[in-house]
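This report concerns only the one structure given below.
The values are calculated or read from the model by the stated rules, or taken from the named source; none is laboratory data. All values derive from a computational prediction rather than experimental measurement. With ideal geometry, Cβ positions are generated from the backbone for all residues, glycine too; neighbour counts draw on all protein chains shown. Side chains are part of the model used for accessible areas, which takes the heavy atoms of the whole protein and leaves out ligands, DNA and RNA. Shrake-Rupley method; radii C 1.70, N 1.55, O 1.52, S 1.80 Å.
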Amino acid sequence: MSNELKSFLEGLDSLAQDCESRKGQACSLKALEELRIEFLGRKGRLAGLMGCLGKLENCDKPAGGKKANEVKQRITELLDGWESELSVAESSQALSKFDPSMPGRRPWAGSLHPVTLVMEDICNVLGGLGFEHVSGPEVENDWHNFEALNIPPEHPARDMQDTLYVSDNIVLRTHTSGMQIRSMLKQQPPVAVIAPGKVYRRDSDLTHTPMFHQIEGLLVDHHVSMADLRGTLTVFVRKIFGARTEVRFRPSFFPFTEPSAEVDISCVMCGGKGEADGHTCRVCKGTGWVEILGCGMVDPNVFKSVGYDPELYTGFAFGLGIERVAMLKYGIGDLRMFFENDVRFLEQFA
Ligand code: PHE
């Protein structure tokens with residue numbers, strides 16, 4: 001064998017060995033492609049060696065060509081083998097990865113309490129009518145809660161049965177009406193305020209809880225009339241319960257309003273028919289009406305206690321229970337649901 005042929009064949013062998021030793025480098029399909037170009041590319045190392053084939057003696061060429069083909073095939077097999085190993089590995093890795101087309105898993109963010117929802121609803125409607133939102137203390141003195149509202153010391157509303165006393169003179173407010181007094185003391189008419197908040201009474205049964213929420217409304221100006229009260233409450237009720245809701249005023253009594261009324265709306269359950277599916281409606285008990293708030297024209301004695309001249313000004317006030325509105329609006333039958341904080345109940349308001 002000629003020396004030229006010998007070194008040509010050795011060159012081919014070491015090329016094949018070199019390729020074998022590079023397995024560790026083929027760690028990605030991209031790196032593998034680079035190896036393929038290095039060894040088998042048009043300007044690659046095998047092509048470089050093949051350039052020497054033409055310089056061999058004619059009698060050496062068949063042997064040289066045969067070996068070159070074997071080495072080319074060997075290298076091709078190596079590279080192909082690594083490639084299929086890699087693509088199996090890469091695709092199983094891809095499968096175990098996060099799929100960006102999947103909808104994300106949302107953590108449950110909670111929801112507003114139905115009392116809060118209704119409170120916001122009511123405040124938005126009344127705010128839209130021009131009433132300003134005010135708030136005041138839940139621990140109130142006797143004067144704001146009773147005396148200034150024309151509720152004298154002997155009045156039954158002060159009975160120990162109803163009022164939670166902190167001391168002789170301090171109570172947990174039994175209604176938000178004390179905010180009428182606080183608002184009027186702060187400014188001269190015109191006054192247009194709403195005061196939402198917690199109130200407390202010594203009452204606890206199926207339909208009463210010791211704490212519940214009210215919203216107070218007060219409008220004072222020249223020439224405010226009962227018609228303004230009726231118009232305001234009708235608009236308000238229809239915004240909250242729907243445009244077809246009917247409103248009815250029933251004579252009533254509150255010490256701080258004269259005349260006073262209780263307002264009923266056509267039953268949200270049966271639409272005022274008094275029955276549903278041939279049964280007496282359980283919400284309005286067949287009457288077709290449900291009570292939703294108390295109201296009236298501000299009593300002159302209340303104006304006197306805040307230093308407003310009852311000859312100059314008139315006004316109306318109303319107060320409503322928020323839990324009551326929420327029960328009617330969402331068809332909730334049991335008042336206690338609002339306070340148990342059962343997530344299965346609360347999450348329905350998300
Ligand atoms: N404060 C009364 C109550 O708690 C409601 C009310 C407010 C009535 C304002 C008339 C005017 O029942």
Exercise for the section: Specify the angular offset, from 0 to 90 degrees and rounded to the nearest 10, of the alpha carbon long axis of helix 3-21 from the longest principal axis of the alpha carbons in the chain. Expected result: 20
Handout entry: Extension gain, Lys198 back to His279 (0.36 nm per residue minus Cα-Cα distance, nm)
Key = 25.6 nm
Fill in the blank from the handout: Per its Cα gyration tensor (rounded if a/c is under 1.5, else prolate when a/b beats b/c, else oblate), region 156-247 is best filed as oblate
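Counting other Cβ atoms within 10 Å, keep those with at most 15, restrict to DSSP loop, and tell me which GluC sites (Glu not before Pro) in region 107-184 are left.
On the way: sites: Glu120, Glu132, Glu138, Glu140, Glu147, Glu154; in loops: Glu138, Glu154.
When the GluC sites (Glu not before Pro) of region 107-184 are filtered for loop state and at most 15 Cβ neighbours within 10 Å, Glu138, Glu154 remain.
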Problem - Tensor-based shape of the chain (alpha-carbon gyration tensor, a/c under 1.5 rounded, otherwise prolate or oblate) - result: prolate
Exercise for the section: Return, in residue-number order, each cysteine of the chain whose C-beta is not under 4.7 Å from any other cysteine's C-beta. Expected result: Cys19, Cys27, Cys52, Cys59, Cys123, Cys295
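Apply the a/c threshold of 1.5 to the C-alpha gyration tensor of region 272-350 and tell me whether it is rounded, prolate or oblate.
On the way: a/c = 4.47, a/b = 1.81, b/c = 2.47.
Oblate is the answer for region 272-350, as a/c is 1.5 or above yet b/c matches or exceeds a/b.
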Exercise for the section: Run the numbers on the chain and let me know its relative contact order in percent, using alpha-carbon pairs under 8 Å that are six or more apart. Expected result: 15
Practice task
Please turn the phi angles of region 199-207 into ³J(HN,Hα) values with the Karplus equation 6.51 cos²θ - 1.76 cosθ + 1.60 (θ = phi - 60°), one per residue in order, whole Hz, x for glycine and proline.
Solution key: 9, 10, 9, 7, 8, 7, 7, 4, 10
Handout entry: Residues with amide H under 5 Å from that of Leu293, placed H, sequence gap 5 or more
Key = Val263
Practice task
Give me the accessible area per residue for the chain, probe 1.4 Å, as a whole number in Å².
Solution key: 56
Fill in the blank from the handout: Each label sits 7 Å from Cα toward the beta-carbon; between Lys30 and Glu154 the label points are separated, in nm, by 9.5
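Check each of the chymotrypsin sites (Phe, Trp or Tyr not before Pro) in region 59-165 and keep only those in coil by DSSP with at most 12 other C-beta atoms within 10 angstrom; list them in order.
Values: sites: Trp82, Phe98, Trp108, Phe131, Trp143, Phe146, Tyr165; in loops: Phe98, Trp108, Phe131, Phe146.
Hits after loop and neighbour filter: Phe98, Trp108.
If we count trypsin sites (Lys or Arg not before Pro) as exposed when they sit in a DSSP loop and have at most 14 other beta carbons within 10 Å, what is the longest stretch of the chain that avoids them all?
Numbers: sites that count: Arg42, Lys43, Lys55, Lys97, Arg105, Arg244, Lys273, Arg282, Lys285, Arg336.
In short, 106-243.
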Handout entry: Net charge of neighbours whose Cβ lies under 14 Å from the Cβ of Gly64, counting Lys and Arg as +1 and Asp and Glu as -1
Key = 0
Problem - Loop sites in region 291-350: GluC sites (Glu not before Pro), DSSP, at most 12 other Cβ within 10 Å - result: Glu311
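Quick one: with all protein chains in place, what share of the accessible area of region 3-96 is carbon or sulfur, to the nearest percent (1.4 Å probe)? Walk me through the numbers before you get to the answer.
Values: 3190 of 6010 Å².
After summing per-atom areas, the C and S share lands at 53 percent.
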Completion exercise
Karplus-derived 3J(HN,Hα) from phi for region 315-323 (6.51 cos²θ - 1.76 cosθ + 1.60, θ = phi - 60°), whole Hz, x at Gly and Pro, runs x, 10, 9, 8, x, 9, x, 6, 4
Completion exercise
What helix-only [θ] at 222 nm does the chain give? Using -39500 (n - 2.57) per DSSP H run of at least 4, over all residues, to the nearest 500, the answer is -13000 deg cm²/dmol
Handout entry: Ser252 long-range amide H proximity, modeled H, under 5 Å
Key = Ser260, Ala261, Glu262
